[in-house]
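Novice: Here's a structure for you.
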Amino acid sequence: MKIQLRYNLFGILVFITLNSAGQIYRSAASKVNDLVHTRLDLHFNYSKCYLYGKAWLTIKPHFYPVDTLTLDAKGMDLENISILEKGHLIPLKFSYDSSTVSIRLNRLYHRNETYIIYIGYTAKPNSLKVNSDAHGMYFINPTGNEKGKPTQIWTTGEPDYNSAWFPTIDQPNQKCTDEISLTVPAQYITLSNGQLAMQTKHPDGTRTDTWKMKLPQAPYLFMVAVGNFQIVRDNWHGKDVDYYMEPQYAANAKGIFGYTPEAMTFFSKILGVDFPWNKYAQIRVRGFNGGMENTTATEFNEDGQSSPRELADLPYQSGNVHELFHQWFGDYVTCESWSNLALNESFADLGEILWAEYKYGPDVADEHMYQGEQGYLNNPERWQENLVRFDYTKKQDMFDGVTYQKGGRILNMLRHYLGNAAFYKGLHIYLTAHALGNADAEQLRLAMEDASGLDLNWFFNQWFYGSGHPVLDITYRWDNATRTQSIFLKQTQAGQTFTLPMAIDIYVSGRKIRHQVRMNNRSDTLTFHVPEKPELVNVDAEKVLLAKKNDHKTLTEFAFQQKHAGLYVDRSEAIEAAAANQTDSIAQHILVKALNDPYYGLRIKALQLLNPANQNIKTAAAPDIIRLAREDANNLARAEAIMTSAKLNIPGTIDVFKQALINSTSFAVQGAALNAIELSDHEAAFSLAKNYVKESKGKLRDAIISIYCQSGGDEEWPFVYYNFASPASPLQYTFTGRFAGLAGTVTNPAFAQQGIQAIEDLVIQLKKYDKLSVFVGVINRVKAARLKMNDNSSAAFADQAVSKLQALAVTTSK
C-alpha cells in the first residue's frame with residue numbers, strides 16, 4: 001500500500017490510503033470529535049428558497065485531545081460561529097471552503113469534556129451546483145404559483161446531503177440526539193424525527209413546532225417536512241403510527257399504509273427486538289425519488305397516493321416494508337461506513353422477501369426474489385463489484401443492484417443455509433450487540449457464528465468480500481446397468497470458484513428424495529444409486545442459489561418439474577424452456593398448462609412468451625386466453641390476456657375487449673381493452689377514448705395518451721399537454737417523444753410553442769444537460785414538422801429554446 005500524507009490548514013496530519021492499483025481505500029471516517037446532541041432552530045424564506053438557521057452542537061473529543069473541529073456545511077453563509085461558555089457566546093476563528101468549515105476552538109478539550117458550538121447560518125440548497133438529488137432540502141412550489149401543485153418543504157440526507165441544510169459531521173458512524181424547532185405558516189403541518197414536544201403560535205400567523213429525538217441517530221437520517229398534509233392516525237402497541245397525506249388522498253391512507261402495524265409485529269417477532277422508536281410516521285411528498293428511511297419518519301414520493309381502483313391494479317408493493325425494515329437495519333444499527341452499505345440496504349431488500357413470504361405466500365416471495373436476481377444478472381457491468389467494497393469512486397456508486405438485489409439474495413441464501421431459527425437468532429445478537437450504534441460486515445459474521453456455532457468465513461469471503469456469481473453448467477447421465485444417476489456440475493464463470501451448499505431432489509416413481517450436497521470444486525460429479533431411472537433430478541431444489549444455470553433437462557423433464565416440483569422458479573424454468581421451442585408438442589402442453597397456473601404472475605409470464613407466429617400454440621391456447629381475458633380474477637393477468645388476444649389476432653374477441661372496457665372497474669383492464677381495440681380498429685378506439693378521459697388514471701390514461709399522440713389534434717392537445725407538463729400530474733415527463741410528435745402536428749402554433757416550452761422546462765428542472773443532444777434532437781423534430789406547415793414562428797421558438805438550453809449547459813458545466 002501507498003500512504004499519501006497531507007496536512008490540513010491547521011497542520012493536522014490527514015491520511016489518505018491508496019491500494020496498489022492507486023485507488024483510494026474507503027475506510028470508515030476517523031472519529032476525532034463525536035456529536036452528542038444537535039439543536040436546530042429553523043425559519044424559511046419561501047420566495048428565496050433559503051433556510052435561516054441557528055445550530056447548537058454539543059460535541060466531545062472521541063479519545064485524543066482536540067483544539068479543532070471540522071464540520072460539513074455545504075453552500076452556506078456562515079454568519080456567526082461561537083462557543084458557548086457559562087451562558088456567553090465567544091466568537092471563534094474559522095476557515096470555510098463552501099463544503100467544510102474548520103473551526104479553531106478556544107482551548108484544548110479532552111475526552112471527558114463536552115463543548116457547545118453555536119452557528120448562525122443561511123442555507124441555500126437551490127444554489128448548490130450539484131446533481132438535482134443532492135440538495136438535501138427541497139422547496140416545492142414555494143411561492144404557490146404552480147396551479148394544482150402543493151407548497152411543500154422536505155429533506156433527504158443519504159448519503160451526506162443533510163449538511164446542505166444544517167452543519168454537522170455528516171458521517172454514518174456519528175450518532176446523536178436532537179431537537180428541531182420549525183417556524184412555519186400556521187396553516188401547515190410539520191413532521192420530523194421523534195416526538196412533537198411543543199407547538200407555539202405567533203401573532204404574525206406563524207407557528208413553531210419543536211420535535212425532540214431522545215435516542216441517537218445518524219445525521220443523514222435527520223428530516224423535516226412542511227406542507228398541507230392530513231394526518232391519518234393508527235397505532236402499534238400504544239405507539240403512534242401516522243400517515244401524512246395530501247388531503248384529497250387521505251381517505252385512501254389505510255388502503256396504502258394500513259398493513260404497517262401488522263408488519264411491525266411480524267418484524268419485531270422474528271428479530272426478537274420490538275420496534276425500537278417512539279413512533280412511526282410515513283409521508284408522501286411531491287418530487288421525491290423513491291423512499292427514505294429517516295428514523296421514525298419515512299418519506300415516499302407522491303406516486304403511491306392511489307385510489308382503491310389504482311391499488312387493485314398493483315402487484316406486490318415492497319417499498320413500504322423496505323423502509324420499515326430499515327428502522328432496525330440502518331437506523332437502529334447503522335453501517336459504520338458506506339463501504340458496508342449492505343448492512344442497511346441488503347437487509348432492507350431481504351425484508352421485502354420475508355414480508356412477501358409471510359403475508360402473500362411463497363409464490364409472491366419467490367417471484368420477487370427471482371425478478372431481483374434477474375435485475376442483477378442482466379447488468380454485467382456490476383458483476384465485478386464486491387458486496388462490501390472499499391474502493392468505490394463515489395458514495396452514490398454503492399447504491400446499486402449489487403448492494404440491493406444481489407445483497408438481499410445473499411442474505412436469503414444465508415438464511416436457508418443456517419435455517420430460520422439460527423438466522424433470526426443471529427440477527428437478534430447483531431441488533432442487541434450494536435443497538436443505537438454502528439457495525440460492519442465482520443460483526444454480522446460473528447453474530448451469525450455465535451448463533452449457529454458454524455464457521456462462516458468461507459461464506460462471507462466469497463459473497464461479501466468477493467465479486468461475481470457462479471455460472472453452473474448442469475448435465476446428467478443415467479447408467480441403466482448399474483442403476484446409477486450421475487450429475488455433472490461445472491462452474492464456468494471467470495474469477496473465483498464458489499463453495500455451494502445446495503439441495504438436490506431426485507424423483508423416482510413419483511417419490512421425492514432430497515440430498516443435501518456441497519459443491520467445493522470447479523467441477524464436481526455426484527453419483528446416486530436409485531432403483532430406476534429418475535423422472536427428474538432437480539438441482540438447487542430450494543431455488544435459492546444466486547447463480548446463472550445452464551440446466552440440460554429435456555422438455556419431458558421440465559414438464560414433470562412444472563407439475564411436481566412446485567416452487568415458483570420450478571414452474572418458471574419450465575415455461576422458459578417451453579417458450580424456446582414452441583413447435584414441440586410437450587412445450588405447447590407446458591405453456592397451455594401455465595395459462596391455468598394458480599399464480600397470476602406465471603399466467604402473465606406464459607401469455608407474454610406465446611409466439612404469435614405459431615399457429616399450433618395459438619389454436620391450443622386460444623380458449624384459455626379468451627377465458628382469462630373475460631374473467632381472470634387478477635386485473636393484471638386479465639389485462640395481459642386481453643393484449644395477448646389482440647396480438648395473436650384471435651377471432652371473435654373484439655366484443656370481449658369492448659365489454660372489458662365498459663364493465664371493468666380496473667384501469668389496467670380498461671387500458672388493455674382500449675389498446676386491443678386500437679390494434680384492429682383505430683377509429684373506434686379514438687372515438688371510445690373520448691368517453692374515458694375525465695376519470696382516466698393508470699394504464700387507461702396511458703392508453704388514451706398513446707392514441708391521442710398518434711392521431712389527435714387541437715381538441716386533444718389540452719389533455720396530452722396537462723399530462724406532460726402539469727406539476728399536478730403523476731405522469732409528468734414520461735412520454736417526451738410521443739408528446740413532441742403531437743406538438744409537431746397540432747394546427748394551433750400556440751400549442752406547438754407550449755409543447756416546445758414544456759420540453760425546455762423539463763431539461764431545466766431535471767438538469768438533464770448530459771442528455772442535451774437527445775432533447776435538442778426532439779425539439780428539432782418539432783421544428784421540422786412546423787416548417788412543413790409553414791409555421792415559422794414556432795420554428796423560431798424552437799431555435800430560441802435550443803440556444804437557451806445550450807447556453808445553460810455551458811454555464812452549468814463550469
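The values are calculated or read from the model by the stated rules, or taken from the named source; none is laboratory data. Owing to the predicted nature of the structure, the values given are computational and were not obtained by experimental measurement. Glycine also receives a Cβ, built like all others from the backbone with ideal geometry; neighbour counts cover every protein chain displayed. Each accessible area value is taken on the protein alone, full model and side chains, heavy atoms only, with ligands, DNA and RNA left out. Shrake-Rupley method; radii C 1.70, N 1.55, O 1.52, S 1.80 Å.
Novice: Hey, any hits in the stretch 672-690 for a residue that's farther than 20 Å from residue 742 by Cα, among the β-branched types (Val, Ile, Thr) and surrounded by 14 or more Cβ atoms within 10 Å (Cβ to Cβ)?
Specialist: Yes; the residues of the stretch 672-690 include at least one that is farther than 20 Å from residue 742 by Cα, among the β-branched types (Val, Ile, Thr) and surrounded by 14 or more Cβ atoms within 10 Å (Cβ to Cβ).
Novice: Then there is this: Across the stretch 460-486, which residue is nearest to residue 529 (Cα to Cα) among those that are buried (at least 20 other Cβ atoms within 10 Å of the Cβ) and touching a strand residue (DSSP E or B) at 6+ places or on another chain (Cβ under 9 Å)?
Specialist: My answer is 485.
Novice: Please tell me if residue 762 is open to solvent by 20 Å² or more (accessible area, probe 1.4 Å) and modelled with pLDDT under 90.
Specialist: Against the criterion (open to solvent by 20 Å² or more (accessible area, probe 1.4 Å) and modelled with pLDDT under 90), residue 762 does not qualify.
Novice: Also, quick follow-up: Starting from the stretch 300-318, keep only residues that are within 29 Å of residue 157 (Cα to Cα), then list their pairs with residues that are among the acidic types (Asp, Glu) and open to solvent by less than 30 Å² (accessible area, probe 1.4 Å) whose Cβ atoms are within a distance under 6 Å, requiring at least 6 positions of separation or different chains.
Specialist: Correct list of pairs: 318/352.
Novice: Consider the stretch 287-326. How many of its residues are of a type outside the set (S, T, N, Q), at pLDDT below 90 and under 11 Å from the mean Cα position of the chain (by Cα)?
Specialist: So the answer is 2.
Novice: For the stretch 691-707, what are the residues that are within 20 Å of residue 737 (Cα to Cα) and either without any contact (Cβ under 8 Å) to a residue 40 or more places away in the chain or of a type in the set (A, V, I, L, M) (or both)?
Specialist: Of everything in the stretch 691-707, those that are within 20 Å of residue 737 (Cα to Cα) and either without any contact (Cβ under 8 Å) to a residue 40 or more places away in the chain or of a type in the set (A, V, I, L, M) (or both) turn out to be 700, 701, 702, 703, 704, 705, 706, 707.
Novice: Moving on to the next point. Of the residues that sit in the stretch 493-518 and are touching a Leu at 6+ places or on another chain (Cβ under 8 Å) and β-branched (Val, Ile, Thr), which one is most open to solvent (accessible area, probe 1.4 Å)?
Specialist: 517
Novice: Those residues that are more than 19 Å from residue 649 (Cβ to Cβ) and touching a residue at least 12 places away in the same chain (Cβ under 8 Å), I need them from the stretch 674-690; list them, please.
Specialist: Residues satisfying the conditions are 686, 688, 689.
Novice: Which condition breaks for residue 214 when tested against (1) assigned to a helix (DSSP H, G or I); (2) within 30 Å of residue 59 (Cβ to Cβ); (3) among the basic types (Lys, Arg)?
Specialist: Exception for residue 214: condition (1).
Novice: Sticking with this structure for a sec: Condition first: polar (S, T, N, Q), on the phi > 0 side of the Ramachandran plot and touching a residue at least 24 places away in the same chain (Cβ under 8 Å). Can you find one or more residues in the stretch 78-97 that meet it?
Specialist: No: zero hits.
Novice: Which one of 424, 404 is surrounded by fewer than 19 Cβ atoms within 10 Å (Cβ to Cβ) and touching a helix residue (DSSP H, G or I) at 6+ places or on another chain (Cβ under 7 Å)?
Specialist: 424
Novice: Go through the stretch 302-356 and give me each residue that's part of a loop (DSSP other than H, G, I, E, B) and under 20 Å from residue 601 (Cα atoms).
Specialist: 312, 313, 314, 315, 316, 317, 318 - these are the residues of the stretch 302-356 that are part of a loop (DSSP other than H, G, I, E, B) and under 20 Å from residue 601 (Cα atoms).
Novice: Next question. State which residue pairs qualify: first residue more than 30 Å from residue 154 (Cβ to Cβ) and modelled with pLDDT of 95 or more and inside the stretch 104-128, second residue crowded, with 16+ Cβ neighbours inside 10 Å and of a type in the set (D, E, K, R) in any location, beta carbons under 7 Å apart, and separation of 6 or more residues or different chains.
Specialist: Taking only residues 6 or more apart or on different chains, the pairs are 111/60; 113/60; 114/60.
Novice: Hey, can you tell me all the residues within the stretch 45-65 that are open to solvent by 10 Å² or more (accessible area, probe 1.4 Å) and either outside any strand (DSSP E or B) or touching a Leu at 6+ places or on another chain (Cβ under 6 Å) (or both)?
Specialist: 46, 47, 48, 49, 62, 63, 64, 65, listed by residue number.
Novice: Here is a further query. Looking at the stretch 28-39, can you tell me whether even one residue there is closer than 30 Å to residue 145 by Cβ and buried (at least 16 other Cβ atoms within 10 Å of the Cβ)?
Specialist: no
Table: residues versus (1) modelled with pLDDT under 95; (2) among the hydrophobic types (A, V, I, L, M, F, W, C).
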{"site": "572", "(1), (2)": "no, no"}
{"site": "586", "(1), (2)": "no, yes"}
{"site": "589", "(1), (2)": "no, no"}
{"site": "600", "(1), (2)": "no, no"}
{"site": "616", "(1), (2)": "yes, no"}
{"site": "644", "(1), (2)": "no, no"}
{"site": "651", "(1), (2)": "yes, no"}
{"site": "671", "(1), (2)": "no, no"}
{"site": "674", "(1), (2)": "no, yes"}
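Novice: A further question on this structure: So for the stretch 593-603 (the condition being touching a Leu at 6+ places or on another chain (Cβ under 7 Å) and under 30 Å from residue 380 (Cβ atoms)), does at least one residue qualify?
Specialist: yes
Novice: Let me ask another. So residue 244 passes all but one of these: (1) at pLDDT below 95; (2) not in a loop (DSSP other than H, G, I, E, B). Which condition number does it fail?
Specialist: It is condition (1) that residue 244 fails.
Novice: Can you give me the number of residues within the stretch 77-133 that are charged (D, E, K, R), within 36 Å of the chain's Cα centre (by Cα) and part of a strand (DSSP E or B)?
Specialist: Result for the stretch 77-133: 1.
Conditions tested, residue by residue: (1) polar (S, T, N, Q); (2) touching a Leu at 6+ places or on another chain (Cβ under 8 Å); (3) touching a residue at least 12 places away in the same chain (Cβ under 8 Å); (4) under 18 Å from residue 553 (Cβ atoms).
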residue	(1), (2), (3), (4)
571	no, yes, yes, yes
574	no, no, yes, yes
578	no, yes, yes, yes
582	yes, yes, yes, yes
587	no, yes, yes, yes
618	no, yes, yes, no
628	no, yes, yes, no
632	no, no, yes, no
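Novice: Check whether at least one residue in the stretch 280-294 is part of a loop (DSSP other than H, G, I, E, B), open to solvent by 10 Å² or more (accessible area, probe 1.4 Å), of a type in the set (Lys, Arg) and in contact (Cβ under 8 Å) with a residue 60 or more places away in the chain, and report yes or no.
Specialist: For the stretch 280-294, residues part of a loop (DSSP other than H, G, I, E, B), open to solvent by 10 Å² or more (accessible area, probe 1.4 Å), of a type in the set (Lys, Arg) and in contact (Cβ under 8 Å) with a residue 60 or more places away in the chain: present.
Novice: Within the bounds of the stretch 109-119, is there any residue that is of a type in the set (S, T, N, Q) and open to solvent by less than 60 Å² (accessible area, probe 1.4 Å)?
Specialist: no
Novice: Still on this structure, please answer the following. Which condition number in (1) open to solvent by 40 Å² or more (accessible area, probe 1.4 Å); (2) of a type in the set (Val, Ile, Thr); (3) in a helix (DSSP H, G or I) is the one that residue 745 fails?
Specialist: Failed condition: (3).
Novice: When you look at residue 255, is it open to solvent by 20 Å² or more (accessible area, probe 1.4 Å), touching a residue at least 40 places away in the same chain (Cβ under 8 Å) and in contact with a Leu (Cβ under 9 Å, 6 or more places away or on another chain), yes or no?
Specialist: So residue 255 passes the test.
Novice: Can you name the residue in the stretch 262-278 that is assigned to a helix (DSSP H, G or I) and open to solvent by 20 Å² or more (accessible area, probe 1.4 Å) and, of all such residues, is nearest to residue 178 (Cα to Cα)?
Specialist: 265
Novice: List the number of the failed condition for residue 190; all other conditions in (1) surrounded by fewer than 23 Cβ atoms within 10 Å (Cβ to Cβ); (2) modelled with pLDDT of 95 or more; (3) more than 23 Å from the chain's Cα centre (by Cα) hold.
Specialist: (1)
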